[in-house]
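This report concerns only the one structure given below.
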Amino acid sequence: MKVRKALVSDIKSIHRLINEFAKKGEMLPRSLNELYENIRDFFIAEENNEIKGVCALHILWEDLAEIRSLAVKKDSQKKGIGSLLVKKSLNEAKKFGIKRVFVLTYIPDFFKKIGFKELDKSKLPQKIWGDCIRCPKFPECDEVALIYEFME
């Protein structure tokens, strides 16, 4: 399994994978335009030239970033691909000097195993709620907020 930064040529596959989960209400959909604009945020996991998973690290402020759009193909789940993608994103956040990385998720136990801690959503800055307006569940969000804080 190889994890690398996404390329423009990966976008249509990333779009299909993310929107498969979005159709089930498991994550927000992403448009092709949005994916092209944010290509630098994405890592992909691939095996035999096939994308098995995707994850984005979206920087919001000088000390805050978000893990978003984590998706692993159903037939490739439970093999460590999601953890590998999240850890790669956390390593990049650390290189950029980001001190805190949060996630909004329906699978909090997955992130807790990596070292994220549960957080009251109201503790997150208002700025992060921009994407939420597009969510069909807004304002009754049922996702769990978690945060990873780097030790000094």
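The values are calculated or read from the model by the stated rules, or taken from the named source; none is laboratory data. Fair warning: this is a prediction, and the values are worked out from it, not measured in the lab. Don't worry about glycine lacking a Cβ; one is built from the backbone with ideal geometry, like all the others, and counts go over all protein chains shown.
A few comments on the model shown:
- Residue within the stretch 36-54 that is without any contact (Cβ under 8 Å) to a residue 12 or more places away in the chain, of a type outside the set (D, E, K, R) and not in a loop (DSSP other than H, G, I, E, B) present: no
- Hits in the stretch 94-106 - residues which are touching a helix residue (DSSP H, G or I) at 6+ places or on another chain (Cβ under 9 Å) and either part of a helix (DSSP H, G or I) or within 13 Å of residue 67 (Cα to Cα) (or both): 98, 100, 101, 102, 103, 104, 105
- Restricting attention to the stretch 1-24, the residues that are over 15 Å from residue 72 (Cβ atoms) and either basic (Lys, Arg) or part of a strand (DSSP E or B) (or both) total 4.
- The set of residues from the stretch 17-28 being surrounded by 11 or more Cβ atoms within 10 Å (Cβ to Cβ) and not acidic (Asp, Glu) comprises 17, 18, 19, 21, 22, 25, 27, 28.
- Residue in the stretch 45-54 that is touching a Leu at 6+ places or on another chain (Cβ under 6 Å) and either at pLDDT below 95 or more than 18 Å from residue 31 (Cα to Cα) (or both) present: yes
- In this structure, residue 31 does satisfy being more than 21 Å from residue 106 (Cβ to Cβ), surrounded by fewer than 19 Cβ atoms within 10 Å (Cβ to Cβ) and hydroxyl-bearing (Ser, Thr, Tyr).
- Residue in the stretch 104-121 that is modelled with pLDDT under 95, within 18 Å of residue 42 (Cα to Cα) and surrounded by 11 or more Cβ atoms within 10 Å (Cβ to Cβ) present: yes
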